1. Would you mind working out the magnitude of the charge dipole of segment 1-129 relative to its Cα centre, with +1 at each Lys and Arg C-beta and -1 at each Asp and Glu C-beta, to the nearest 20 Debye?
2. Near the amide H of Val478, under 5 Å away, which other amide H atoms are found, from residues 5 or more places off or on another chain, if H is placed in the peptide plane?
3. Within the chain, what whole-number % of the accessible surface is contributed by carbon and sulfur, with the 1.4 Å probe and all protein chains included in the calculation?
4. Rounded, prolate or oblate: which fits segment 335-391, taking a ≥ b ≥ c as square roots of the Cα gyration tensor eigenvalues, rounded meaning a/c under 1.5, else prolate when a/b beats b/c?
5. Averaged per residue, what accessible surface does the chain expose to a 1.4 Å probe, in Å²?
6. What distance in nm separates the simple spin-label points at Thr153 and Asp512, each placed 7 Å from Cα in the Cβ direction?
7. Place a point 7 Å from the Cα of Glu529 along the Cα-to-Cβ direction; which residues of segment 433-464 have their backbone N under 18 Å from it?
8. Rounded to two decimal places and with Rh computed the Kirkwood way over Cα pairs, what is Rg over Rh for the chain?
Amino acid sequence: MAELRSNQWYGGDDRNSYIHRAWMRRGTPGTSFMGKPQIAIANTASDLTPCNAHLNEVADSVKQGVWAAGGVPLNLPVVSLGETNVRPTAMLWRNMAAMAIEEMLRANPIDGVVLLGGCDKTIPSLLMAAASVDLPAVVVPGGPMLTGTFRGTPLGCGTDVWRLSEEVRAGTLSEAAFLESESSMIRSRGHCNTMGTASTMGLLAEALGTTIPGTAGTPAPDSRLLARSHDTGRLIVDMVNADRRPSQVITAASFHNAIVALAAIGGSTNAVVHLLAIAGRLGVPLTLDDFDRIAAEVPFLVDLQPSGRFLMEDLFRAGGLAAVLKQVEDLLDPSAITVTGEPFVESLGEAQIWDKEVIRTRDAPLLPSGGIARLRGNLAPDGAIIKPAAASPHLLQHRGKALVFDSIEDFHARVDDPELDVDENTVLVLRGCGPRGYPGMPEVSNMPLPAKLLQKGVRDMVRICDGRMSGTAYGTVVLHVAPEGASGGPLAKVRTGDWITLDVPARRIDVDLPEGELEAREPAPAMLEALARPARGWEKLYVDTVTGADTGADCSFLLGGSGDKVTRESH
Ligand code: FES
(Lines give C-alpha, C1' and ligand atoms only; values in the text may rest on other atoms or scores of the structure.)
Protein backbone atom coordinates (compact mmCIF):
# COMPACT_ATOMS: atom_id res chain seq x y z
CA MET A 1 0.00 0.00 0.00
CA ALA A 2 1.35 3.44 -0.97
CA GLU A 3 1.87 6.03 1.74
CA LEU A 4 -1.33 7.85 2.61
CA ARG A 5 -1.60 11.36 1.20
CA SER A 6 -2.91 12.53 4.56
CA ASN A 7 0.39 11.59 6.19
CA GLN A 8 1.82 14.70 4.54
CA TRP A 9 -0.27 16.62 7.09
CA TYR A 10 -0.17 14.34 10.11
CA GLY A 11 2.94 12.20 9.79
CA GLY A 12 5.78 14.50 10.85
CA ASP A 13 7.39 15.62 14.13
CA ASP A 14 7.54 19.30 13.28
CA ARG A 15 5.44 22.24 14.34
CA ASN A 16 3.19 22.08 11.29
CA SER A 17 2.27 18.43 11.88
CA TYR A 18 1.59 19.31 15.51
CA ILE A 19 -0.87 21.96 14.35
CA HIS A 20 -2.63 19.65 11.88
CA ARG A 21 -2.97 16.90 14.50
CA ALA A 22 -3.85 18.99 17.52
CA TRP A 23 -6.96 20.57 16.04
CA MET A 24 -8.23 17.24 14.68
CA ARG A 25 -8.07 15.51 18.07
CA ARG A 26 -11.44 16.91 19.11
CA GLY A 27 -13.22 14.73 16.53
CA THR A 28 -11.48 11.47 17.38
CA PRO A 29 -9.95 10.09 20.53
CA GLY A 30 -6.29 11.02 20.86
CA THR A 31 -4.27 10.42 17.74
CA SER A 32 -6.27 7.35 16.69
CA PHE A 33 -7.15 9.03 13.38
CA MET A 34 -3.54 9.05 12.24
CA GLY A 35 -2.18 6.56 9.75
CA LYS A 36 -5.69 5.59 8.60
CA PRO A 37 -7.37 6.45 5.30
CA GLN A 38 -9.05 9.84 5.69
CA ILE A 39 -12.36 9.66 3.84
CA ALA A 40 -14.27 12.82 2.99
CA ILE A 41 -18.01 12.49 2.65
CA ALA A 42 -18.77 15.21 0.12
CA ASN A 43 -22.35 15.84 1.06
CA THR A 44 -24.79 17.95 -0.95
CA ALA A 45 -27.49 17.75 1.74
CA SER A 46 -29.21 21.11 2.08
CA ASP A 47 -32.60 22.33 3.19
CA LEU A 48 -32.59 24.41 0.02
CA THR A 49 -32.05 21.29 -2.08
CA PRO A 50 -35.10 19.33 -0.94
CA CYS A 51 -34.24 16.36 -3.16
CA ASN A 52 -31.01 15.91 -1.16
CA ALA A 53 -32.20 16.83 2.34
CA HIS A 54 -32.08 13.18 3.46
CA LEU A 55 -28.41 12.75 2.59
CA ASN A 56 -27.28 13.41 6.16
CA GLU A 57 -28.82 10.08 7.11
CA VAL A 58 -27.08 8.46 4.14
CA ALA A 59 -23.83 10.06 5.31
CA ASP A 60 -24.26 8.49 8.74
CA SER A 61 -24.44 5.03 7.15
CA VAL A 62 -21.39 5.77 5.01
CA LYS A 63 -19.55 6.87 8.15
CA GLN A 64 -20.31 3.63 9.94
CA GLY A 65 -18.96 1.70 6.98
CA VAL A 66 -15.76 3.77 6.87
CA TRP A 67 -15.14 3.23 10.60
CA ALA A 68 -15.84 -0.50 10.23
CA ALA A 69 -13.24 -0.80 7.49
CA GLY A 70 -10.58 1.04 9.46
CA GLY A 71 -10.87 4.49 7.90
CA VAL A 72 -11.72 7.88 9.32
CA PRO A 73 -14.91 9.48 7.93
CA LEU A 74 -14.95 13.26 7.63
CA ASN A 75 -18.04 15.35 6.89
CA LEU A 76 -17.45 17.72 4.00
CA PRO A 77 -20.55 19.81 3.27
CA VAL A 78 -20.22 21.06 -0.31
CA VAL A 79 -22.05 23.42 -2.63
CA SER A 80 -25.52 22.07 -3.25
CA LEU A 81 -27.77 23.08 -6.14
CA GLY A 82 -31.52 22.76 -5.71
CA GLU A 83 -33.03 22.64 -9.16
CA THR A 84 -36.34 24.15 -8.17
CA ASN A 85 -34.93 27.06 -6.19
CA VAL A 86 -31.70 28.30 -7.69
CA ARG A 87 -31.93 31.23 -10.11
CA PRO A 88 -31.42 31.96 -12.92
CA THR A 89 -30.67 28.26 -13.41
CA ALA A 90 -28.74 25.67 -11.41
CA MET A 91 -26.65 25.01 -14.50
CA LEU A 92 -24.98 28.41 -14.11
CA TRP A 93 -23.51 27.16 -10.85
CA ARG A 94 -22.61 23.56 -11.84
CA ASN A 95 -19.05 24.43 -12.82
CA MET A 96 -18.61 26.64 -9.75
CA ALA A 97 -19.77 23.79 -7.50
CA ALA A 98 -17.42 21.39 -9.26
CA MET A 99 -14.52 23.82 -8.88
CA ALA A 100 -15.20 24.40 -5.18
CA ILE A 101 -15.51 20.67 -4.44
CA GLU A 102 -12.36 19.89 -6.40
CA GLU A 103 -10.32 22.52 -4.58
CA MET A 104 -11.58 21.49 -1.12
CA LEU A 105 -10.65 17.89 -1.81
CA ARG A 106 -7.19 18.95 -2.97
CA ALA A 107 -6.63 21.43 -0.14
CA ASN A 108 -7.49 19.06 2.71
CA PRO A 109 -5.84 15.98 4.23
CA ILE A 110 -8.02 13.53 2.34
CA ASP A 111 -7.20 10.13 0.84
CA GLY A 112 -10.54 9.24 -0.71
CA VAL A 113 -14.05 10.60 -1.06
CA VAL A 114 -17.64 9.38 -1.07
CA LEU A 115 -19.85 11.60 -3.21
CA LEU A 116 -23.45 12.06 -2.08
CA GLY A 117 -25.73 13.62 -4.70
CA GLY A 118 -29.21 13.45 -6.10
CA CYS A 119 -30.83 16.58 -7.53
CA ASP A 120 -29.94 17.24 -11.16
CA LYS A 121 -26.61 19.11 -11.03
CA THR A 122 -25.26 17.55 -7.87
CA ILE A 123 -23.95 14.24 -9.23
CA PRO A 124 -22.45 15.92 -12.34
CA SER A 125 -20.63 18.55 -10.25
CA LEU A 126 -19.37 15.89 -7.82
CA LEU A 127 -18.10 13.67 -10.63
CA MET A 128 -16.46 16.59 -12.47
CA ALA A 129 -14.64 17.49 -9.27
CA ALA A 130 -13.61 13.93 -8.48
CA ALA A 131 -12.35 13.49 -12.03
CA SER A 132 -10.16 16.59 -11.83
CA VAL A 133 -8.63 15.81 -8.44
CA ASP A 134 -8.44 12.07 -9.19
CA LEU A 135 -8.51 10.80 -5.62
CA PRO A 136 -10.29 7.46 -5.07
CA ALA A 137 -13.98 8.28 -5.27
CA VAL A 138 -17.33 6.49 -5.19
CA VAL A 139 -20.86 7.84 -5.65
CA VAL A 140 -23.98 7.14 -3.60
CA PRO A 141 -26.95 8.42 -5.60
CA GLY A 142 -29.57 9.67 -3.13
CA GLY A 143 -32.37 7.93 -5.00
CA PRO A 144 -35.80 8.86 -6.29
CA MET A 145 -38.88 9.64 -4.23
CA LEU A 146 -41.85 7.29 -3.95
CA THR A 147 -44.81 7.72 -6.27
CA GLY A 148 -47.47 10.21 -5.23
CA THR A 149 -51.01 10.13 -6.60
CA PHE A 150 -53.62 12.78 -7.37
CA ARG A 151 -57.24 11.82 -7.83
CA GLY A 152 -56.18 8.21 -8.20
CA THR A 153 -53.53 8.86 -10.84
CA PRO A 154 -49.78 8.50 -10.20
CA LEU A 155 -47.94 11.80 -10.50
CA GLY A 156 -44.61 12.13 -12.25
CA CYS A 157 -43.01 15.07 -10.57
CA GLY A 158 -41.86 17.62 -13.07
CA THR A 159 -43.57 15.98 -16.04
CA ASP A 160 -47.03 16.28 -14.57
CA VAL A 161 -46.43 19.88 -13.52
CA TRP A 162 -45.92 20.69 -17.21
CA ARG A 163 -48.85 18.52 -18.27
CA LEU A 164 -51.30 19.89 -15.69
CA SER A 165 -50.30 23.50 -16.29
CA GLU A 166 -50.83 23.01 -20.03
CA GLU A 167 -54.26 21.56 -19.24
CA VAL A 168 -55.10 24.77 -17.36
CA ARG A 169 -53.97 26.86 -20.34
CA ALA A 170 -56.00 24.66 -22.67
CA GLY A 171 -59.04 25.13 -20.42
CA THR A 172 -59.45 21.43 -19.60
CA LEU A 173 -58.42 21.69 -15.92
CA SER A 174 -59.42 24.29 -13.33
CA GLU A 175 -56.81 26.36 -11.57
CA ALA A 176 -58.18 25.16 -8.24
CA ALA A 177 -57.65 21.52 -9.23
CA PHE A 178 -54.17 22.37 -10.46
CA LEU A 179 -53.23 23.93 -7.13
CA GLU A 180 -54.82 21.03 -5.26
CA SER A 181 -52.42 18.66 -7.00
CA GLU A 182 -49.44 20.56 -5.54
CA SER A 183 -49.62 18.82 -2.18
CA SER A 184 -49.62 15.39 -3.86
CA MET A 185 -46.67 15.97 -6.16
CA ILE A 186 -43.83 15.21 -3.73
CA ARG A 187 -44.67 12.11 -1.71
CA SER A 188 -41.43 11.44 0.11
CA ARG A 189 -37.76 12.24 0.44
CA GLY A 190 -35.71 11.77 -2.72
CA HIS A 191 -35.34 13.36 -6.14
CA CYS A 192 -37.82 13.54 -9.00
CA ASN A 193 -39.33 10.18 -9.80
CA THR A 194 -39.51 10.46 -13.59
CA MET A 195 -36.67 9.59 -15.96
CA GLY A 196 -35.50 13.16 -15.57
CA THR A 197 -31.97 14.37 -15.15
CA ALA A 198 -31.52 13.30 -11.53
CA SER A 199 -32.73 9.75 -12.21
CA THR A 200 -30.69 9.61 -15.40
CA MET A 201 -27.46 10.85 -13.79
CA GLY A 202 -27.86 8.48 -10.83
CA LEU A 203 -28.22 5.54 -13.22
CA LEU A 204 -25.39 6.77 -15.45
CA ALA A 205 -23.11 7.15 -12.44
CA GLU A 206 -23.62 3.43 -12.02
CA ALA A 207 -23.15 2.69 -15.74
CA LEU A 208 -19.90 4.67 -15.60
CA GLY A 209 -18.78 2.31 -12.87
CA THR A 210 -18.68 4.90 -10.09
CA THR A 211 -21.21 3.30 -7.69
CA ILE A 212 -21.43 -0.07 -6.07
CA PRO A 213 -23.44 -1.96 -8.71
CA GLY A 214 -27.12 -2.14 -7.80
CA THR A 215 -27.19 1.07 -5.80
CA ALA A 216 -28.57 3.58 -8.32
CA GLY A 217 -32.32 3.85 -8.54
CA THR A 218 -32.90 2.56 -5.02
CA PRO A 219 -35.74 4.78 -3.73
CA ALA A 220 -34.56 7.30 -1.17
CA PRO A 221 -36.75 5.95 1.68
CA ASP A 222 -35.80 2.31 1.02
CA SER A 223 -33.68 0.75 3.78
CA ARG A 224 -31.52 -0.86 1.11
CA LEU A 225 -30.11 2.56 0.30
CA LEU A 226 -28.67 2.79 3.80
CA ALA A 227 -27.28 -0.73 3.56
CA ARG A 228 -25.57 0.18 0.27
CA SER A 229 -24.28 3.38 1.84
CA HIS A 230 -22.68 1.37 4.62
CA ASP A 231 -21.11 -0.95 2.01
CA THR A 232 -19.85 2.11 0.15
CA GLY A 233 -18.14 3.37 3.28
CA ARG A 234 -16.31 0.08 3.54
CA LEU A 235 -15.46 0.04 -0.14
CA ILE A 236 -13.85 3.48 -0.27
CA VAL A 237 -11.33 2.41 2.35
CA ASP A 238 -10.46 -0.59 0.16
CA MET A 239 -10.17 1.72 -2.85
CA VAL A 240 -7.68 3.93 -1.05
CA ASN A 241 -5.65 0.88 -0.08
CA ALA A 242 -5.76 -0.35 -3.69
CA ASP A 243 -5.11 3.18 -5.04
CA ARG A 244 -8.07 2.82 -7.42
CA ARG A 245 -8.79 6.25 -8.88
CA PRO A 246 -11.43 7.80 -11.17
CA SER A 247 -8.95 7.90 -14.05
CA GLN A 248 -8.80 4.07 -13.88
CA VAL A 249 -12.56 3.62 -13.53
CA ILE A 250 -14.04 6.33 -15.79
CA THR A 251 -12.56 5.50 -19.17
CA ALA A 252 -13.65 5.65 -22.80
CA ALA A 253 -15.11 2.18 -22.22
CA SER A 254 -17.25 3.36 -19.33
CA PHE A 255 -18.50 6.38 -21.30
CA HIS A 256 -19.46 3.89 -24.01
CA ASN A 257 -21.47 1.94 -21.43
CA ALA A 258 -23.05 5.11 -20.06
CA ILE A 259 -24.22 6.06 -23.57
CA VAL A 260 -25.68 2.56 -24.06
CA ALA A 261 -27.46 2.94 -20.73
CA LEU A 262 -28.69 6.43 -21.62
CA ALA A 263 -30.29 5.09 -24.78
CA ALA A 264 -31.76 1.96 -23.18
CA ILE A 265 -33.40 3.91 -20.35
CA GLY A 266 -34.44 6.81 -22.63
CA GLY A 267 -32.64 9.19 -20.29
CA SER A 268 -32.53 12.96 -20.11
CA THR A 269 -30.93 15.06 -22.84
CA ASN A 270 -29.09 16.89 -20.07
CA ALA A 271 -26.91 13.81 -19.62
CA VAL A 272 -25.17 14.68 -22.87
CA VAL A 273 -23.79 17.96 -21.59
CA HIS A 274 -22.86 16.43 -18.22
CA LEU A 275 -21.07 13.38 -19.69
CA LEU A 276 -19.17 15.64 -22.09
CA ALA A 277 -18.08 17.80 -19.16
CA ILE A 278 -16.93 14.82 -17.06
CA ALA A 279 -15.03 13.47 -20.07
CA GLY A 280 -13.38 16.87 -20.52
CA ARG A 281 -12.06 16.69 -16.96
CA LEU A 282 -10.47 13.31 -17.67
CA GLY A 283 -9.19 14.06 -21.15
CA VAL A 284 -11.37 11.34 -22.67
CA PRO A 285 -12.15 12.43 -26.26
CA LEU A 286 -15.95 12.17 -26.20
CA THR A 287 -18.04 13.99 -28.84
CA LEU A 288 -21.69 14.43 -29.80
CA ASP A 289 -21.05 12.02 -32.67
CA ASP A 290 -20.24 9.27 -30.15
CA PHE A 291 -23.70 9.61 -28.62
CA ASP A 292 -25.35 9.20 -32.01
CA ARG A 293 -23.07 6.40 -33.18
CA ILE A 294 -23.06 4.26 -30.03
CA ALA A 295 -26.77 4.65 -29.33
CA ALA A 296 -27.94 3.96 -32.88
CA GLU A 297 -28.40 0.24 -32.29
CA VAL A 298 -29.47 0.43 -28.63
CA PRO A 299 -33.16 -0.37 -28.17
CA PHE A 300 -35.29 1.85 -25.95
CA LEU A 301 -36.48 -0.44 -23.17
CA VAL A 302 -37.77 1.53 -20.19
CA ASP A 303 -41.35 2.80 -20.19
CA LEU A 304 -41.01 5.71 -17.80
CA GLN A 305 -42.35 9.25 -17.84
CA PRO A 306 -41.80 11.73 -19.43
CA SER A 307 -42.07 9.71 -22.65
CA GLY A 308 -43.79 6.68 -21.12
CA ARG A 309 -46.06 5.52 -18.32
CA PHE A 310 -44.21 4.44 -15.21
CA LEU A 311 -41.98 6.00 -12.55
CA MET A 312 -38.67 5.25 -10.85
CA GLU A 313 -40.21 3.17 -8.06
CA ASP A 314 -41.61 0.91 -10.79
CA LEU A 315 -38.21 0.62 -12.47
CA PHE A 316 -36.64 -0.47 -9.19
CA ARG A 317 -39.41 -3.01 -8.62
CA ALA A 318 -39.01 -4.32 -12.16
CA GLY A 319 -35.33 -5.10 -11.73
CA GLY A 320 -33.56 -1.76 -12.05
CA LEU A 321 -30.64 -0.81 -14.23
CA ALA A 322 -29.04 -4.26 -14.13
CA ALA A 323 -32.16 -5.84 -15.62
CA VAL A 324 -32.19 -3.21 -18.38
CA LEU A 325 -28.52 -3.56 -19.24
CA LYS A 326 -28.65 -7.37 -19.11
CA GLN A 327 -30.86 -7.09 -22.21
CA VAL A 328 -28.15 -5.23 -24.12
CA GLU A 329 -25.13 -6.84 -22.49
CA ASP A 330 -23.53 -7.59 -25.87
CA LEU A 331 -23.52 -3.86 -26.68
CA LEU A 332 -21.55 -2.96 -23.57
CA ASP A 333 -17.78 -2.60 -23.53
CA PRO A 334 -16.51 -5.53 -21.43
CA SER A 335 -13.25 -3.76 -20.59
CA ALA A 336 -14.93 -1.20 -18.31
CA ILE A 337 -14.54 -1.77 -14.58
CA THR A 338 -16.41 -0.42 -11.57
CA VAL A 339 -15.21 1.04 -8.29
CA THR A 340 -15.04 -2.53 -6.99
CA GLY A 341 -12.28 -3.26 -9.51
CA GLU A 342 -14.44 -5.89 -11.22
CA PRO A 343 -15.68 -5.68 -14.82
CA PHE A 344 -18.96 -3.79 -15.05
CA VAL A 345 -20.59 -6.48 -17.20
CA GLU A 346 -19.92 -9.09 -14.51
CA SER A 347 -21.96 -7.05 -12.06
CA LEU A 348 -25.06 -7.70 -14.19
CA GLY A 349 -24.99 -11.36 -13.14
CA GLU A 350 -28.25 -13.07 -14.07
CA ALA A 351 -30.35 -9.93 -13.64
CA GLN A 352 -33.98 -10.56 -14.57
CA ILE A 353 -36.93 -8.41 -15.51
CA TRP A 354 -39.77 -8.74 -12.99
CA ASP A 355 -42.30 -6.58 -14.87
CA LYS A 356 -42.07 -6.60 -18.65
CA GLU A 357 -44.43 -3.65 -18.95
CA VAL A 358 -41.90 -1.41 -17.21
CA ILE A 359 -38.74 -2.91 -18.69
CA ARG A 360 -39.16 -4.32 -22.17
CA THR A 361 -37.18 -7.26 -23.44
CA ARG A 362 -34.69 -6.87 -26.26
CA ASP A 363 -37.08 -8.47 -28.76
CA ALA A 364 -40.02 -6.24 -27.83
CA PRO A 365 -38.55 -2.76 -27.30
CA LEU A 366 -40.53 0.45 -27.09
CA LEU A 367 -38.47 1.70 -30.02
CA PRO A 368 -35.63 0.11 -31.98
CA SER A 369 -33.38 3.00 -30.88
CA GLY A 370 -33.67 5.14 -27.78
CA GLY A 371 -30.68 7.29 -28.36
CA ILE A 372 -30.22 11.00 -28.59
CA ALA A 373 -29.71 12.13 -32.18
CA ARG A 374 -26.98 14.60 -33.09
CA LEU A 375 -28.10 17.09 -35.73
CA ARG A 376 -25.98 19.34 -37.91
CA GLY A 377 -26.77 21.89 -40.57
CA ASN A 378 -26.44 25.55 -41.35
CA LEU A 379 -28.42 26.35 -38.17
CA ALA A 380 -26.11 24.29 -35.97
CA PRO A 381 -22.64 23.90 -37.51
CA ASP A 382 -21.22 22.57 -34.21
CA GLY A 383 -24.23 20.39 -33.54
CA ALA A 384 -27.55 20.19 -31.77
CA ILE A 385 -29.45 17.32 -30.24
CA ILE A 386 -32.97 15.93 -30.19
CA LYS A 387 -34.49 13.04 -28.30
CA PRO A 388 -36.62 11.24 -30.89
CA ALA A 389 -38.26 9.06 -28.24
CA ALA A 390 -39.76 12.17 -26.63
CA ALA A 391 -40.79 13.71 -29.96
CA SER A 392 -43.88 13.29 -32.14
CA PRO A 393 -43.11 10.87 -34.98
CA HIS A 394 -44.94 13.02 -37.55
CA LEU A 395 -42.69 15.99 -36.77
CA LEU A 396 -39.34 14.23 -37.11
CA GLN A 397 -39.29 15.37 -40.74
CA HIS A 398 -40.85 18.78 -40.94
CA ARG A 399 -40.62 22.06 -42.87
CA GLY A 400 -42.18 25.17 -41.39
CA LYS A 401 -41.91 28.92 -41.09
CA ALA A 402 -39.87 30.27 -38.21
CA LEU A 403 -41.43 32.34 -35.45
CA VAL A 404 -38.46 33.82 -33.59
CA PHE A 405 -38.25 34.99 -29.98
CA ASP A 406 -35.20 36.99 -28.87
CA SER A 407 -35.39 36.14 -25.18
CA ILE A 408 -37.54 34.18 -22.76
CA GLU A 409 -39.20 37.47 -21.76
CA ASP A 410 -40.05 38.15 -25.40
CA PHE A 411 -41.52 34.66 -25.60
CA HIS A 412 -43.67 35.06 -22.49
CA ALA A 413 -44.88 38.48 -23.62
CA ARG A 414 -46.12 37.25 -27.00
CA VAL A 415 -46.86 33.54 -26.91
CA ASP A 416 -50.48 33.84 -25.81
CA ASP A 417 -51.31 36.88 -27.96
CA PRO A 418 -54.49 35.92 -29.87
CA GLU A 419 -53.12 37.85 -32.85
CA LEU A 420 -49.86 35.87 -32.97
CA ASP A 421 -49.23 34.63 -36.51
CA VAL A 422 -48.75 30.95 -35.72
CA ASP A 423 -50.19 27.57 -36.60
CA GLU A 424 -49.24 23.98 -35.85
CA ASN A 425 -46.71 23.93 -38.68
CA THR A 426 -44.79 26.93 -37.41
CA VAL A 427 -41.30 26.31 -36.02
CA LEU A 428 -40.80 28.16 -32.75
CA VAL A 429 -37.25 29.51 -32.31
CA LEU A 430 -35.89 30.83 -29.02
CA ARG A 431 -32.35 32.20 -28.80
CA GLY A 432 -30.02 33.90 -26.36
CA CYS A 433 -30.51 30.95 -23.97
CA GLY A 434 -27.17 29.17 -24.34
CA PRO A 435 -24.46 28.89 -21.68
CA ARG A 436 -23.10 32.38 -22.33
CA GLY A 437 -26.29 34.12 -23.34
CA TYR A 438 -28.71 33.55 -20.48
CA PRO A 439 -26.26 32.90 -18.74
CA GLY A 440 -26.26 29.26 -17.71
CA MET A 441 -28.21 27.47 -20.44
CA PRO A 442 -31.56 27.15 -18.68
CA GLU A 443 -34.25 24.58 -19.30
CA VAL A 444 -36.46 26.78 -21.45
CA SER A 445 -36.21 25.02 -24.80
CA ASN A 446 -39.47 23.13 -24.47
CA MET A 447 -41.44 26.33 -24.93
CA PRO A 448 -45.09 26.05 -23.92
CA LEU A 449 -47.28 26.07 -27.00
CA PRO A 450 -49.36 29.15 -27.87
CA ALA A 451 -52.64 29.05 -25.97
CA LYS A 452 -54.74 29.38 -29.10
CA LEU A 453 -53.14 26.24 -30.54
CA LEU A 454 -53.52 24.34 -27.26
CA GLN A 455 -57.22 25.18 -27.35
CA LYS A 456 -57.37 23.72 -30.87
CA GLY A 457 -55.92 20.47 -29.49
CA VAL A 458 -52.34 20.91 -30.73
CA ARG A 459 -49.97 19.22 -28.27
CA ASP A 460 -46.59 19.39 -30.01
CA MET A 461 -44.71 21.62 -32.43
CA VAL A 462 -41.12 21.79 -33.64
CA ARG A 463 -39.13 24.02 -31.32
CA ILE A 464 -35.48 25.07 -31.65
CA CYS A 465 -33.34 26.63 -28.95
CA ASP A 466 -29.75 27.03 -27.79
CA GLY A 467 -30.80 26.20 -24.22
CA ARG A 468 -31.59 22.91 -22.51
CA MET A 469 -34.81 21.08 -21.76
CA SER A 470 -35.87 19.64 -18.44
CA GLY A 471 -35.29 15.92 -18.34
CA THR A 472 -38.91 15.64 -17.25
CA ALA A 473 -40.17 17.38 -20.39
CA TYR A 474 -41.12 16.05 -23.79
CA GLY A 475 -41.80 17.25 -27.32
CA THR A 476 -40.13 17.72 -30.69
CA VAL A 477 -37.46 20.03 -29.40
CA VAL A 478 -34.08 20.70 -30.99
CA LEU A 479 -31.75 21.60 -28.13
CA HIS A 480 -28.21 22.69 -27.32
CA VAL A 481 -27.83 24.43 -30.70
CA ALA A 482 -24.16 25.28 -31.13
CA PRO A 483 -22.64 27.73 -31.52
CA GLU A 484 -25.22 29.51 -29.40
CA GLY A 485 -26.78 32.79 -30.50
CA ALA A 486 -24.78 34.82 -28.00
CA SER A 487 -21.54 33.50 -29.48
CA GLY A 488 -22.54 34.58 -32.98
CA GLY A 489 -24.08 31.27 -34.03
CA PRO A 490 -26.45 31.21 -37.00
CA LEU A 491 -29.43 30.98 -34.66
CA ALA A 492 -28.86 34.69 -33.94
CA LYS A 493 -29.51 35.50 -37.60
CA VAL A 494 -32.70 33.60 -38.32
CA ARG A 495 -35.75 35.80 -38.95
CA THR A 496 -39.43 35.22 -38.47
CA GLY A 497 -40.78 33.91 -41.74
CA ASP A 498 -37.62 32.01 -42.78
CA TRP A 499 -38.30 28.41 -43.76
CA ILE A 500 -36.68 25.81 -41.53
CA THR A 501 -36.27 22.13 -42.34
CA LEU A 502 -35.84 19.50 -39.63
CA ASP A 503 -34.87 16.06 -40.88
CA VAL A 504 -34.01 13.81 -37.95
CA PRO A 505 -33.42 10.63 -40.03
CA ALA A 506 -30.86 12.63 -42.07
CA ARG A 507 -29.60 14.32 -38.88
CA ARG A 508 -30.10 17.79 -40.39
CA ILE A 509 -31.41 21.13 -39.17
CA ASP A 510 -31.26 23.91 -41.78
CA VAL A 511 -32.71 27.27 -42.62
CA ASP A 512 -33.57 27.44 -46.30
CA LEU A 513 -31.83 30.55 -47.59
CA PRO A 514 -29.87 31.36 -50.75
CA GLU A 515 -26.15 30.65 -50.52
CA GLY A 516 -24.33 33.24 -48.45
CA GLU A 517 -27.41 35.06 -47.15
CA LEU A 518 -27.29 33.70 -43.61
CA GLU A 519 -23.58 34.55 -43.28
CA ALA A 520 -24.19 38.06 -44.57
CA ARG A 521 -26.81 38.83 -41.93
CA GLU A 522 -25.99 40.48 -38.61
CA PRO A 523 -27.11 38.95 -35.28
CA ALA A 524 -30.54 40.23 -34.27
CA PRO A 525 -30.16 43.48 -32.28
CA ALA A 526 -33.07 42.55 -29.97
CA MET A 527 -31.30 39.33 -28.99
CA LEU A 528 -28.02 41.14 -28.37
CA GLU A 529 -29.82 43.70 -26.23
CA ALA A 530 -31.44 41.00 -24.10
CA LEU A 531 -28.19 39.14 -23.36
CA ALA A 532 -26.87 39.10 -19.81
CA ARG A 533 -23.72 41.14 -19.30
CA PRO A 534 -22.61 40.42 -15.76
CA ALA A 535 -19.99 42.84 -14.46
CA ARG A 536 -18.47 40.84 -11.61
CA GLY A 537 -18.31 37.62 -9.64
CA TRP A 538 -18.85 34.08 -10.79
CA GLU A 539 -21.33 35.11 -13.47
CA LYS A 540 -18.71 37.24 -15.19
CA LEU A 541 -16.07 34.54 -14.94
CA TYR A 542 -18.57 32.04 -16.32
CA VAL A 543 -19.68 34.18 -19.26
CA ASP A 544 -16.07 34.98 -20.15
CA THR A 545 -14.90 31.35 -20.10
CA VAL A 546 -17.78 28.95 -20.66
CA THR A 547 -17.42 26.61 -23.62
CA GLY A 548 -20.17 25.52 -26.00
CA ALA A 549 -22.84 22.96 -25.22
CA ASP A 550 -21.26 20.64 -27.78
CA THR A 551 -18.22 20.28 -25.52
CA GLY A 552 -20.01 20.14 -22.17
CA ALA A 553 -20.41 23.84 -21.26
CA ASP A 554 -17.55 23.64 -18.81
CA CYS A 555 -15.32 26.64 -18.19
CA SER A 556 -12.21 26.61 -20.35
CA PHE A 557 -9.93 27.04 -17.35
CA LEU A 558 -11.45 23.99 -15.62
CA LEU A 559 -10.88 21.48 -18.40
CA GLY A 560 -8.59 18.65 -17.42
CA GLY A 561 -7.41 18.20 -13.86
CA SER A 562 -4.73 19.22 -11.41
CA GLY A 563 -4.52 15.90 -9.64
CA ASP A 564 -4.17 15.45 -5.89
CA LYS A 565 -0.86 17.20 -5.45
CA VAL A 566 -0.22 18.55 -1.97
CA THR A 567 0.76 22.19 -2.00
CA ARG A 568 3.04 24.13 0.35
CA GLU A 569 2.19 24.71 4.00
CA SER A 570 0.05 27.62 5.18
CA HIS A 571 2.43 28.75 7.90
FE1 FES B 1 -34.41 17.87 -7.70
FE2 FES B 1 -36.10 17.29 -9.80
S3 FES B 1 -36.03 19.06 -8.54
S4 FES B 1 -34.42 16.19 -9.04
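1. 220 debye
2. Correct list: Arg463, Ile464, Cys465.
3. Reported share for carbon and sulfur atoms: 51 percent.
4. Numbers: a/c = 4.19, a/b = 1.51, b/c = 2.77.
Note, shape of segment 335-391 comes out oblate.
5. Details: 21490 Å² over 571 residues.
Result: 38 Å² per residue.
6. So the label points at Thr153 and Asp512 sit 3.8 nm apart.
7. Those under the cut-off are 433, 438.
8. Numbers: Rg = 23.8 Å, Rh = 24.2 Å.
Using only Cα positions, Rg/Rh for the chain is 0.99.
The values are calculated or read from the model by the stated rules, or taken from the named source; none is laboratory data. Fair warning: this is a prediction, and the values are worked out from it, not measured in the lab. FYI the Cβ positions are ideal-geometry reconstructions off the backbone, even for glycines, and counts take in every protein chain you see. Ligands, DNA and RNA are stripped out before the accessible areas are found, and what is left, the full protein with its side chains, is counted by its heavy atoms. Shrake-Rupley method; radii C 1.70, N 1.55, O 1.52, S 1.80 Å.
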